[in-house]
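What follows is calculated from the coordinates using simple rules that are stated; it is not laboratory data. Because the structure is a prediction, the values reported are computed rather than measured. Cβ coordinates were reconstructed from backbone atoms using ideal geometry, including for glycine residues, and neighbour counts include every protein chain displayed.
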Amino acid sequence: MGSLLNASVVNVALAANVSYAVEDLVDAFHKIHPHTKVNITLGSSGKLTAQIKYGAPYDIFLSANMDYPDALYKERLALTKPIVYAKGTLVLLSNRSRDFSKGINIVEDTSIKSIAIANPKTAPYGMATKELLLNEKLYKKIKSKLVFGESVSQTVAYTARATDIGFIAKSALFSKQMKKFYKEKNWIDLDPTLYTPIKQGIILLKHAQDNHEAKIFYDFLLSQEAKEIFSKYGYIVK
């Protein structure tokens, strides 16, 4: 009875960094499958993984890295092996114009008193930021300035409204609210060779066992059409 009632509903657990692309993804899917309802739950990859382990009724999980879906697959909570659906990159953003001629070393300036980063313990983009700062011998120098966001979306909010500067997912720049920020004036790309590429993973979860629509949406997220949407939002999909 339960699987019949839920047959036209797909519950998706989504890492916060993908929130900016998800509307376009769902809209494109609905052009093919207009009667399937897609429920999106946003959060940090770590917290969503914990929810799945405790029985949260998600059908699909899009993580901000591969570690979490790998762990769920090993615990037999997934129907499919984790697949990389996109690679995310970091940018350094300021809510006002700055001279970025120093590149990442701008974080050492005395005018920069607060720096937003995602929590390295729960958010893969936070792990990548910490790795980047350690590789550049900057982490210890600026540690006292750091303000930790629970997820990438919270870190974006801190950067846009409160802190002097912040490390965010490039995908966040593509939201409507962020279009007022310009490259080289408000943000710069960061060298992706200075941190481990953020391979983002997708799995079809055990809860989707009898949900045909979930399998269809999962396949769509790995399609060429979805790759083009991810690419439009700043992800690497090669």
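Overview of values
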item	result
Cα gyration tensor, the range 1-81 - rounded (a/c under 1.5), prolate or oblate	oblate
Relative contact order of the chain, defined on C-alpha pairs under 8 angstrom at six or more residues apart (%)	32
Loop-located chymotrypsin sites (Phe, Trp or Tyr not before Pro) in the range 167-197, at most 14 other Cβ atoms within 10 Å (DSSP)	TYR182
Net charge of Cβ neighbours under 12 Å - reference THR163; Lys, Arg +1; Asp, Glu -1	+3
Where Rh is the Kirkwood radius over Cα pairs, Rg/Rh for the range 57-100	1.25
Shape category assigned to the range 66-156 from the gyration tensor of Cα positions, a/c cut at 1.5	prolate
Diffusion constant of the range 123-162 at 20 °C, which comes from Stokes-Einstein with the Kirkwood Cα-pair radius and 1.002 mPa s, µm²/s	200
Residue order, fewest to most surrounding Cβ atoms within 10 angstrom, among GLU213, GLU108, GLU136	GLU108, GLU136, GLU213
Long-range amide H partners of SER151 with built H, under 5 Å	ASN119
Among (1) 63, 35, 30; (2) 51, 42, 40; (3) 47, 44, 32, the entry derived from the coordinates for Cα extents along the principal axes in Å	(1)
TYR182-HIS212 pseudo-label distance in nm [points 7 Å out on the Cα-to-Cβ vector]	5.3
222 nm mean residue ellipticity, helices alone, for the chain (DSSP H n ≥ 4; -39,500 (n - 2.57); rounded to 500)	-9500 deg cm²/dmol
